[in-house]
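Please read the structure below before turning to the comments.
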Amino acid sequence: MRILVCISNVPDTTTRVKFVENSTKLDTGGIQWVINPWDELSLTRALELKDDPANNIQQITVAHVGLAGAEPTIRKALAIGADDALRVNADPTEAYFVALQLANVIREDPYDIILCGIESSDYNGSTVGGMLAEFLDIPSVSAVSSLNIENGEVLIDREIDGGKEKVTASMPFVAIVQKGIAKEPRIAAMRGIMMARSKTLKVTEPVSTEPMTEVLEFHMPKPHAACKFIDPEQPKQLVELLHNEAKVI
Amino acid sequence: MSVLVFTENWDGKFKKLSFELVSYATKLAEMLNTSAVVLSIGPVADEELRKLGNYGAAKILNATGDGLNSLDNQSWVNIIFQVAEKVDATVLVLSNNNTGKALAPRLSVRMKAGIGAGVNGLPKSTVPFVVSKKVYSGNAFADLLIRSEKKILTLSQNSFELVEKPGTPEIENYPVSLDPGTLKTRVKEVHKQTGKILLTDAEIVVSGGRGMKSPDNWGPLIELADLLGAATACSRPVSDEGWRPHEEHTGQTGKIIAPNLYIAIGISGATQHLAGVSSSKCIVAINSDKDAPVFEAARYGIVGDAAKILPQLVEAVKEIKGK
Ligand SMILES: Cc1cc2nc3c(=O)[nH]c(=O)nc-3n(C[C@H](O)[C@H](O)[C@H](O)COP(=O)(O)OP(=O)(O)OC[C@H]3O[C@@H](n4cnc5c(N)ncnc54)[C@H](O)[C@@H]3O)c2cc1C
Ligand SMILES: Nc1ncnc2c1ncn2[C@@H]1O[C@H](COP(=O)(O)O)[C@@H](O)[C@H]1O
């Protein structure tokens, strides 16, 4: 069995974003780029599954659509334990474009399980995984919080609005993963970092397509009024303000 | 031409989010000089369907048939796609909840429709079609131009006011024949969360962090939530420690919510936590450290010990509620 983990390269979650060129571009100065937290967790889960020989997983590949600047992030995924990597050499301008490129490379060389994160912490689209499954015309399971293999069958827990379900999916499929899929992300050991240098990172060129969407301008959130402090000896005043002023209770 | 809005039902009932979606689609249809058509999948009584008419739905299609009681993304996408063609939908609206997130991206590919994911208001303009959406975990917004002729929007929960517009919608049954044997995903077990208010549905949320000190201290927080008709939530370390269930974890890696009131107790206000709650209309922070970053996001704050303040809040709410 072969697993593909799609990774996106995002600013570290504590980044205070700023924009340049009339607020049309992210100011990348000083940003630290990391593997999208969800993708780190899905890679971890894939590696856990591979650790058990009963699951018969031969290969874990990571795929990224992005420019060469993202290679440190890809190497990090290799250092954590992925066997090899694919990069489609293009600026990941929108989800539709990214999913199309991923679908293209997967069609050439299919995988049994494809893992995507529920959202990347940059554009917060939550869309690449589902689009990819539709391009490939294969099933997708969303909001996956656990993934196990038992006797060759894949068992998935997914969150629905108002509960949880246990589902099975026929391979190949795309699992769109969220909290719970793995506890803590696996970190790269020294040996992994050394080995990552010699692992294969295949670069392919993108196919062209018309853009569906385009960001015209970024805005910072409106600064809101300063916090109104209430005397800790008089918590009742808070309740009164919430009732009479904010009118939320 | 029309605006098609999809809403799921929960055991044959609609929720506030369904009415929000219909209100939103109705306003959007007005902007586009057309009307809103609702699609519901699975068994719902006509009387329940008619409730959607109170928010402006001109027409309601009710897809019924075997095999529709659980979500199989591919077959649901087929149904929504067929209906979108049938009613000549130029814009399709879904919720940005789990189901919407599962279906919208697939539909985007099928309909060749650009997607505005997680919008929280009407388009800024319809020609060109520009929507505003949250990016970088709520640290910024983007004006997104959707170029494609067809568009899909997913609406963030609790982000659009209900607008009553009573009418008598035309209700049409839309029979679907689905061979359950062909489904590629199958549900083996369902665990419904019962009784409690769902965090994503709640208009008021009371949330605790590590400053609550111990899982044994949650009593007054829960009492406060009950009195306010609120859901309870927590920060990530609290759920990681097992103090509270995982479903309550809010933030970038947990649930993203936008209640009218979010009360953060003993929560420092890390960016990753705020990413999940910053769209709340009013944030209250209770924290013993006056420099805690949570106060920068809060409209009201109390600097003090949660263990002392919570019981007093409970009493004050009882008073105001006349209990
Ligand atoms: C990739 C990534 C993703 C993350 N995702 C999330 C997420 O989704 N959600 C999330 O919550 N966190 C997330 N985190 C963790 C986040 O960075 C913080 O560590 C976490 O939010 C802190 O939780 P806390 O505020 O409960 O605890 P602390 O930071 O320990 O804060 C406790 C607060 O309680 C106050 N306090 C102490 N005693 C009292 C008292 N007696 N009365 C009142 N106040 C008191 C303190 O002043 C302090 O401000 C993430 C981190 C990373 C790296
Ligand atoms: N540029 C990219 N290259 C590879 N995978 C990506 C890329 N962008 C997003 N993804 C995948 O899609 C998931 C959801 O991203 P998004 O739809 O952008 O919120 C991520 O967690 C990744 O698994």
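The values are calculated or read from the model by the stated rules, or taken from the named source; none is laboratory data. This one's a predicted model, so the numbers in the text were calculated from it and none came from an experiment. Don't worry about glycine lacking a Cβ; one is built from the backbone with ideal geometry, like all the others, and counts go over all protein chains shown. To get the accessible areas, we keep the full protein, side chains included, count just its heavy atoms, and leave off ligands, DNA and RNA. Shrake-Rupley method; radii C 1.70, N 1.55, O 1.52, S 1.80 Å.
Give segment A:11-49 a look and list any residue that's in a strand (DSSP E or B) and surrounded by fewer than 24 Cβ atoms within 10 Å (Cβ to Cβ), or say none. Outline the logic, then answer.
Pass one, segment A:11-49, residues in a strand (DSSP E or B): A:11, A:19-20, A:25-26, A:33-35.
Hits for segment A:11-49 are A:Pro11, A:Phe19, A:Val20, A:Lys25, A:Leu26, A:Trp33, A:Val34.
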Just checking, how many residues over segment A:104-134 are more than 8 Å from every other protein chain (Cβ to nearest Cβ), within 13 Å of ligand 2 (Cβ to nearest atom) and part of a loop (DSSP other than H, G, I, E, B)?
2
Among the residues of segment A:162-175, is there at least one that is open to solvent by 60 Å² or more (accessible area, probe 1.4 Å), aromatic (Phe, Trp, Tyr) and within 12 Å of chain B (Cβ to nearest Cβ)?
no
Quick one: which of B:Thr182, B:Thr154, B:Thr168 is within 12 Å of chain A (Cβ to nearest Cβ), surrounded by fewer than 12 Cβ atoms within 10 Å (Cβ to Cβ) and either within 30 Å of B:Gly65 (Cβ to Cβ) or in contact (Cβ under 8 Å) with a residue 12 or more places away in the chain (or both)?
B:Thr182
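Do we find a residue being among the charged types (D, E, K, R) and facing chain B (nearest Cβ under 7 Å) anywhere in segment A:179-194?
Residues of segment A:179-194 that are among the charged types (D, E, K, R), as a first pass: A:179, A:183-184, A:186, A:191.
Pick out the ones that are also facing chain B (nearest Cβ under 7 Å) and you get A:179.
There is at least one residue in segment A:179-194 that is among the charged types (D, E, K, R) and facing chain B (nearest Cβ under 7 Å).
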Per the filter on segment B:190-222, residues modelled with pLDDT under 95 and in a strand (DSSP E or B) are B:Val190, B:His191, B:Lys192
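In segment A:135-160, what residues are at the interface with another protein chain (Cβ under 7 Å from one of its Cβ atoms) and either open to solvent by 20 Å² or more (accessible area, probe 1.4 Å) or hydrophobic (A, V, I, L, M, F, W, C) (or both)? Even if it seems obvious, please write down each step before you answer.
To start, the set of residues in segment A:135-160 that are at the interface with another protein chain (Cβ under 7 Å from one of its Cβ atoms) comprises A:135, A:139-143, A:159-160.
Those that are at the interface with another protein chain (Cβ under 7 Å from one of its Cβ atoms) and either open to solvent by 20 Å² or more (accessible area, probe 1.4 Å) or hydrophobic (A, V, I, L, M, F, W, C) (or both): A:Phe135, A:Val141, A:Ala143, A:Glu159, A:Ile160.
Considering only segment B:126-135, I want to know if a residue exists there that is at the interface with chain A (Cβ under 8 Å from one of its Cβ atoms), basic (Lys, Arg), outside any loop (DSSP other than H, G, I, E, B) and closer than 29 Å to A:Thr168 by Cα. Outline the logic, then answer.
Of the residues in segment B:126-135, the ones at the interface with chain A (Cβ under 8 Å from one of its Cβ atoms) are B:130, B:132-135.
Still in the running and basic (Lys, Arg): B:133-134.
Next cut, outside any loop (DSSP other than H, G, I, E, B) only: B:133-134.
Narrowing the set further to residues that are closer than 29 Å to A:Thr168 by Cα leaves none.
No - not one qualifying residue is present in segment B:126-135.
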Quick check on B:Ala225: is it more than 8 Å from ligand 1 (Cβ to nearest atom), more than 11 Å from chain A (Cβ to nearest Cβ), of a type in the set (A, V, I, L, M, F, W, C) and in a helix (DSSP H, G or I)?
yes
Out of all the residues in segment A:198-215, is one or more polar (S, T, N, Q), open to solvent by less than 40 Å² (accessible area, probe 1.4 Å) and within 24 Å of B:Gly251 (Cβ to Cβ)?
no
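Kindly indicate the residue of segment B:157-189 that is aliphatic (A, V, I, L, M) and touching a strand residue (DSSP E or B) at 6+ places or on another chain (Cβ under 6 Å) and also modelled with the highest pLDDT among those meeting that condition.
Within segment B:157-189, the subset aliphatic (A, V, I, L, M) is B:162-163, B:171, B:176, B:178, B:183, B:187.
Remaining after also requiring touching a strand residue (DSSP E or B) at 6+ places or on another chain (Cβ under 6 Å): B:171, B:176, B:187.
On the way: B:Ile171: 96, B:Val176: 93, B:Val187: 93.
Residue satisfying both the conditions and the ranking: B:Ile171.
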So, in segment A:67-84, how many residues would count as being within 16 Å of the chain's Cα centre (by Cα) and either near ligand 2 (Cβ under 9 Å from one of its atoms) or of a type in the set (Gly, Ala, Ser) (or both)?
3
Being over 30 Å from B:Lys112 (Cα atoms), open to solvent by 50 Å² or more (accessible area, probe 1.4 Å) and small (Gly, Ala, Ser) narrows it down to one residue among A:Ala189, A:Ala182; which is it?
A:Ala189
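Conditions (1) touching a helix residue (DSSP H, G or I) at 6+ places or on another chain (Cβ under 8 Å); (2) in a loop (DSSP other than H, G, I, E, B); (3) among the aromatic types (Phe, Trp, Tyr); (4) open to solvent by 20 Å² or more (accessible area, probe 1.4 Å), marked per residue:
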position	(1), (2), (3), (4)
B:Arg244	yes, yes, no, yes
B:Pro259	no, yes, no, no
B:Ser268	yes, yes, no, yes
B:Ser280	no, yes, no, no
B:Lys290	no, yes, no, yes
B:Phe295	no, no, yes, no
B:Ala307	yes, no, no, yes
B:Val314	yes, no, no, no
I need the full set of residues from segment A:1-38 which are among the hydroxyl-bearing types (Ser, Thr, Tyr) and free of Cβ contacts under 8 Å to residues at least 60 places away in the same chain, in order please.
A:Thr14, A:Thr15, A:Thr28
Of all residues in segment B:7-48, which are of a type in the set (A, V, I, L, M, F, W, C), assigned to a helix (DSSP H, G or I) and over 20 Å from B:Lys101 (Cα atoms)?
B:Leu28, B:Ala29, B:Met31
Taking segment A:50-66 as the search range and keeping residues that are more than 10 Å from ligand 2 (Cβ to nearest atom) and within 20 Å of A:Ser198 (Cβ to Cβ), which one is most open to solvent (accessible area, probe 1.4 Å)?
A:Gln58
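Provide a single number: the residues in segment A:1-25 that are under 30 Å from A:Asn55 (Cα atoms) and of a type in the set (Val, Ile, Thr).
Selection size over segment A:1-25: 3.
For segment B:263-278, does any single residue satisfy the condition of being within 15 Å of ligand 1 (Cβ to nearest atom), more than 26 Å from A:Pro37 (Cβ to Cβ) and facing chain A (nearest Cβ under 10 Å)? Let's see the steps before the verdict.
Pass one, segment B:263-278, residues within 15 Å of ligand 1 (Cβ to nearest atom): B:263-278.
Those still in the list that are more than 26 Å from A:Pro37 (Cβ to Cβ) too: B:263.
Now restrict to residues that are facing chain A (nearest Cβ under 10 Å): B:263.
Yes, the conditions are met somewhere in segment B:263-278.
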Give me the pairs, please: first residue somewhere in segment B:234-259 and near ligand 1 (Cβ under 7 Å from one of its atoms), second residue anywhere and acidic (Asp, Glu) and in a helix (DSSP H, G or I), beta-carbon distance under 9 Å, and either six or more positions apart or on two chains.
B:Val238/B:Glu248; B:His249/B:Asp240; B:Gly254/B:Glu247; B:Gly254/B:Glu248
